[in-house]
C-alpha cells in the first residue's frame, strides 16, 4: 500500500514537472520573441521619444507605452526565472520520490523473499512431520511384531525344563500367582542387543529363571522400580535375577543384594 502511494506521488510529480517544463519553454519563447523584436527595431530611450514626438501629448503617450514595454519585459524575465525555479524544484522532488520508491520496492522485494523462505520452511517442516508420522507408524508395527515374537518365545521358554538345579533357595511367601512375593538375589548387567524374548535390552528388563519366575511376569523391585521378566542367562538359576542398567558403572554400583520383590 505504501508502494502504491509512492507510485501515485511520483506520477503526480512527473505531471507537475511536465507542466513546469512547458511553462518554462513558453516563457523562454516569449522572452526570445521580445529579444528578437528589440534586435529588429532597436531599443528606444526616453530622450528619443521626447525629441521625436510632435506634441507634448504624443510624447506622454509614447513615454507611457515605453514604460509599459519595460514593465512587460521585466515581468517576462520574472516569469522565466519563476518557471525555471519551479522546474528545478519539481526535478528535486521527483528525484527524492524516485529514491523513496526504489527503497520501498527493494524492501517489498526483501519482504517477499523472506515470506517465500518462511513458506518453504513451513512446507519442509510439514514434510518432515509427515515422514516422522510414517516412521512412527512403521516403528509401532515393528514393535508389535517384536512383542508377539517375544510372547511366543516366552511361552516356549516357560515350558522348557530347567537345565540346572537351583543355585540358591527360593522363599515364596505365597504362590507364584498374581500378588505373590519372592526373596531373590539381584545383580546388574549392562549388555546391549536383544533379550531371550526378542525385545531390545533396556531399562526395566530383568533376566530370570523361567522355572521360578515365568517370562512376561511384572516385577516390583525395591530400589529399582518396575521391571519385566524378559530375559534369561546361563548364570541366572533359581532365586536369582539380573537387572539391566544403561551403564556398567550403574550395574556395578547396584552390586549383589538380596531383595524381596512383588510379582504381578
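The values are calculated or read from the model by the stated rules, or taken from the named source; none is laboratory data. Because the structure is a prediction, the values reported are computed rather than measured. Ideal geometry is used to build each Cβ from the backbone, glycine not excepted, and the neighbour counts take in all protein chains shown.
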- Message: Tell me yes or no: at least one residue of the range 225-243 is assigned by TED's automatic domain parsing to the domain that holds residue 190, within 52 Å of the chain's Cα centre (by Cα), surrounded by fewer than 18 Cβ atoms within 10 Å (Cβ to Cβ) and farther than 19 Å from residue 180 by Cβ.
- Response: no
- Query: What are the residues in the range 247-264 that are within 14 Å of residue 203 (Cα to Cα) and surrounded by 13 or more Cβ atoms within 10 Å (Cβ to Cβ), if any?
  - Reply: 250, 251, 254
- Query: Quick one: is residue 68 out of contact with any helix residue (DSSP H, G or I) (no Cβ under 9 Å at 6 or more places or on another chain), exposed (fewer than 11 other Cβ atoms within 10 Å of the Cβ), in the same structural domain as residue 22 (by TED's automatic domain parsing) and at pLDDT below 70?
  - Reply: yes
